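Chemist: Here it is, the structure in full.
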C-alpha cells in the first residue's frame, strides 16, 4: 500500500519531473534520436542510469520544465479564474525568454507571442486545426497538485482547458493538458492506475466540453473536432483496462524495440508522445509497466525513440507523487537545474491544496 501524500511527495513530483525531462532530453541529442535501442546503447556506455549526474552543462531541463514551472509559479500566487489565466499567460511570456538550447515547440512559441496578458481577451488565441501537439500536456501536471481532490475536478478541468488552449487550441492539444493534470490528481488520490484512462474519458472530458461551450469562444470548431481526442484512447482496450479494472494485458515481448513500435502506433505524426493524446498515454503505459521501479520507469518513459522528454516529464511527476524519491539515485536529481524553484513551487502548491 502507498503511504498518504506528504509535502515530500509534492517535492519529489516537481523535482523528478524535471529530472525525467533532463534525462530524456539530454541536451537535445536523445529527444531527437528516433531509435530507442540506440539511446539504450548510449546509456550503457555512460555506465547506466545510476551513474548519470543530472546537472549543467550536459543535462539541462528542456522547454517542458521551464513551462511547467511557469504554470506552477502562476498557480502559487493563489489567484483564481480570470486573474489566474492572466497570470499564467504572463508567466508563459516570461518563460519563453528562457529557451536558449531548450528546443521549444513551434506552436507554443508562435502562440505565446500572440498572448497579451492584462488585456481583455489577451489570454485567447484562435482555434488551430494543427494545435494537437503535446506542448500543453507537458506543463499541466502541477494543476493536479493545486486541485487534487475529487470535488475540485471542475476547477482542475477549467484551468487545464483554458491554460492549455493558450497555445494548443485544439481538443487533442488541450485535452492532453486535462489528462496530465488529472493523472497527477489521481496519483494524489491513490486511485488505481487501471482506472485513470476511464476517469479521463468519462469524468473529465464531459466537464471540459462544458468549459468550452460555457466560454462561448470557438465553440463550433472545438465541438466539430471533439471526438478526435477520445478516439485515440482505444489504447485502453489494447491494455484490457477499458472497464477501469484490468488486469493489464501486455504484448509479449515488450522490450525497447517493441515499445518504440507501439508508441509510434499511438501517435499522429510517427513520433510517439509528441501529441496531446499520446504523451499522457505513453506516460500511463510506463507507470503501469514500471510499478515502483524508477529505472524501469525511465526505460519506458524517457529512453525511447519518441518525444521522450515530454512523456518522461508527465510520468515522473506522477511517479514522484506515488513513491516519493525512494529508490532514485541522488545523482539523478540532487544537482538538477532549477531544483530550488521546483521545490519552492511544490511546497506552495501543497499548502494551497490543503
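Just so it is clear, none of the values below were taken in a lab; they were calculated from the coordinates. Quick caveat: nothing in here was measured; it's all calculated off a predicted structure.
Chemist: Mean separation of Cα pairs under 8 Å and 6+ residues apart, divided by the residue count of the range 214-282: what relative contact order is that in percent?
Modeler: 20
Chemist: How large is the convex hull of the Cα atoms of the range 234-283 per residue, expressed in Å³ as a whole number? Present the calculation step by step, with values, prior to reporting the outcome.
Modeler: Numbers: hull volume 3.8 nm³, N = 50.
Expressed per residue, the convex hull around the Cα atoms of the range 234-283 is 76 Å³.
Chemist: Using Cα centres only, tell me the gap between the range 107-141 and the range 153-171 in whole Å.
Modeler: Centre-to-centre distance over Cα atoms comes out at 10 Å.
Chemist: Limiting things to C-alpha atoms, what are the Rg and the maximum Cα-Cα separation (Dmax) for the range 170-245, in angstroms?
Modeler: Cα only, the range 170-245: 12.9, 37 Å (Rg, Dmax).
Chemist: So what is the diffusion coefficient of the range 184-341 in µm² per second by Stokes-Einstein at 25 °C and 0.890 mPa s, using a Kirkwood Rh over Cα pairs?
Modeler: 146
Chemist: Rg to Rh ratio, the range 140-205, alpha-carbon atoms and Kirkwood radius?
Modeler: Dividing the radius of gyration by the Kirkwood radius yields 0.94.
Chemist: Based on the alpha-carbon gyration tensor of the range 53-130, what equivalent-ellipsoid semi-axes (square roots of 5 times the eigenvalues) come out, in whole Å, largest first?
Modeler: In descending order, the three semi-axes are 24, 17, 9 Å.
Chemist: Go ahead and estimate [θ] at 222 nm for the chain from helices alone: -39,500 (n - 2.57) per DSSP H run with n ≥ 4, summed, over the residue count, rounded to 500.
Modeler: Helix-only estimate at 222 nm: -16500 deg cm²/dmol.
Chemist: Provide Rg and Dmax in Å for the chain, with only Cα atoms included in the calculation.
Modeler: 18.1, 54
Chemist: Still on this model: Could you please tell me the mean projected area of the C-alpha convex hull for the range 14-96, averaged over all directions and given in square nanometres to one decimal?
Modeler: The orientation-averaged projected area of the Cα hull of the range 14-96 comes to 6.5 nm².
Chemist: Here is a further query. Find the relative contact order for the chain and round it to a whole percent, using C-alpha pairs within less than 8 Å whose residues are 6+ positions apart.
Modeler: Relative contact order, the chain: 31 percent.
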